[in-house]
1. Could you look through the range 91-121, keep only residues that are without any contact (Cβ under 8 Å) to a residue 40 or more places away in the chain and crowded, with 20+ Cβ neighbours inside 10 Å, and pick out the one that is farthest from Leu412 (Cα to Cα)?
2. Would you mind listing the strands (runs of 3 or more DSSP E) fully within the range 355-408 where at least 1 residues are more than 21 Å from the chain's Cα centre (by Cα) and closer than 16 Å to His312 by Cβ?
3. Is there any pair with a first residue in the range 68-80 that is within 19 Å of Leu250 (Cβ to Cβ) and at pLDDT below 90 and a second that is assigned to a loop (DSSP other than H, G, I, E, B) and among the hydroxyl-bearing types (Ser, Thr, Tyr) whose Cβ atoms are under 9 Å apart and which are 6 or more apart or on different chains, and what are they?
4. With Gly401, Gly324, Gly388, Gly367 as the choices, which residue is modelled with pLDDT under 60, on the phi > 0 side of the Ramachandran plot and among the small types (Gly, Ala, Ser)?
5. Collect the residues in the range 225-239 that are among the aliphatic types (A, V, I, L, M), assigned to a strand (DSSP E or B) and touching a Leu at 6+ places or on another chain (Cβ under 8 Å), keeping them in residue-number order.
6. Could you please find all residues in the range 263-273 being part of a loop (DSSP other than H, G, I, E, B) and charged (D, E, K, R)?
7. How about the range 274-283: which of its residues are assigned to a loop (DSSP other than H, G, I, E, B) and surrounded by fewer than 18 Cβ atoms within 10 Å (Cβ to Cβ)?
8. Determine, yes or no, whether Asn184 is surrounded by 19 or more Cβ atoms within 10 Å (Cβ to Cβ) and not assigned by TED's automatic domain parsing to the domain that holds Ala86.
Amino acid sequence: MATLSASPSPNPNPNFRSPTDQTDHDPESLPHMELHPSSDQDPTPNSNPNFHAVLPTPPEAIAPAAAAAPSLLHISFNQDHGCFAAGIDHGFRIYNCDPFREIFRRDFDRGGGIGVVEMLFRCNILALVGGGPDPQYPPNKVMIWDDHQSRCIGELSFRSEVRSVRLRRDRIVVVLEQKIFVYNFADLKLLHQIETIANPKGLCAVSQGVGSLVLVCPGLQKGQVRVEHYASKRTKFIMAHDSRIVCFALSQDGQLLATASSKGTLVRIFNTVDGSLLQEVRRGADRAEIYSLAFSSNAQWLAVSSDKGTVHVFSLKINGGSPGIDRSQSASDPVTSPHSSLSFIKGVLPKYFSSEWSVAQFRLVEGSQYIVAFGHQKNTVVILGIDGSFYRCQFDPVNGGEMTQLEYHNFLKPEAAF
């Protein structure tokens, strides 16, 4: 059970009061919490909570360059992959992906470790969770930070550590070790809570397309994922793998789900509505730890990063499996994915020989952790490393093969010029 406290807002930011859709659950049947604003708060929600103003950099927020690079505790992309956030041992930073540049930083005077930074597109509202050896906030609290006011305007407190946070314009999703809470963004009322299997990584994905919310989380069994369709009030359980689920991703509209298990050899793509398996692709033959999965905006491509030091891009051939997604192919689009040269005798030899392999690859440092997303430029991939590395690469959709590196930066180096 969470508890909430909120700070009075002498100059409340209208972007915190996002428009909401109809409540998907009966509010009388669920426990809830209320945000009690100060009497002078504007009760009218802002019609555009996702304004795209660049986050300002107040002079007092910029600290002198340190002698050494900060320790990175967290990295994550925002919802449209146009920005990313870094939680460090004394604050957090926000970067633009294209063109690459630091657009904001906040260094805290005391403590300062931020273990989770979740952006809401490009608006001034962030969700922060303390982390590291000297956390800025208790690790069992989600702080709602308004950077126009340079302070926290609310908090959600829990009995155990927060593993991750997901934001939409209308919802806040908080993930604990074995429970997930879904809140209404406008008033922080609790709408739903979900029990999960042990989830130390805080695995959770929410759709970001305009329309109804689709939420995916681990189920109560090993290898199972749970899909919540809030518009239709339907819950779908999918037995995705025999082994433990370690990573998954949703397409923007929530209609496609990609999953990977602790084996790390196969990635499966499902229809979230009926749970059907639409496609299966092979990362490799040996075990690997999958760090991230990402769909392209049109769900034509899937990117995968792992501890093997290679980012793979797969072509998705999902025809009619996801209504509303533009699956039309141009002359430059691939018709097929690479298959094993022995695929003509599939059914005789093991499944390995008839697997669908990646169209394109990019080699990185083996053993280091990277997350991946598709860039806003056509056929580009953005890769972020826990070592502070930023790569932008381009792949050939027709011929495939090794990607071309377009750009590299180390965003943790204090001497870097932005």
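The values are calculated or read from the model by the stated rules, or taken from the named source; none is laboratory data. Note that the structure is a prediction, hence the values are computed from the model and not measured. Note: ideal-geometry Cβ built from the backbone for every residue, glycine included; neighbour counts use all protein chains shown.
1. So the residue we want is Gly112.
2. Filter on the range 355-408 gives 360-363, 389-394.
3. Pairs that qualify, where the first residue is within 19 Å of Leu250 (Cβ to Cβ) and at pLDDT below 90 and the partner is assigned to a loop (DSSP other than H, G, I, E, B) and among the hydroxyl-bearing types (Ser, Thr, Tyr), are Asp80/Ser297.
4. Gly324
5. Those that are among the aliphatic types (A, V, I, L, M), assigned to a strand (DSSP E or B) and touching a Leu at 6+ places or on another chain (Cβ under 8 Å): Val225, Val227, Ile238.
6. Lys263
7. Within the range 274-283, Asp274, Gly275, Ser276 qualify.
8. Details: surrounded by 19 or more Cβ atoms within 10 Å (Cβ to Cβ): yes; not assigned by TED's automatic domain parsing to the domain that holds Ala86: yes.
Judged against the criteria, Asn184 is a match.
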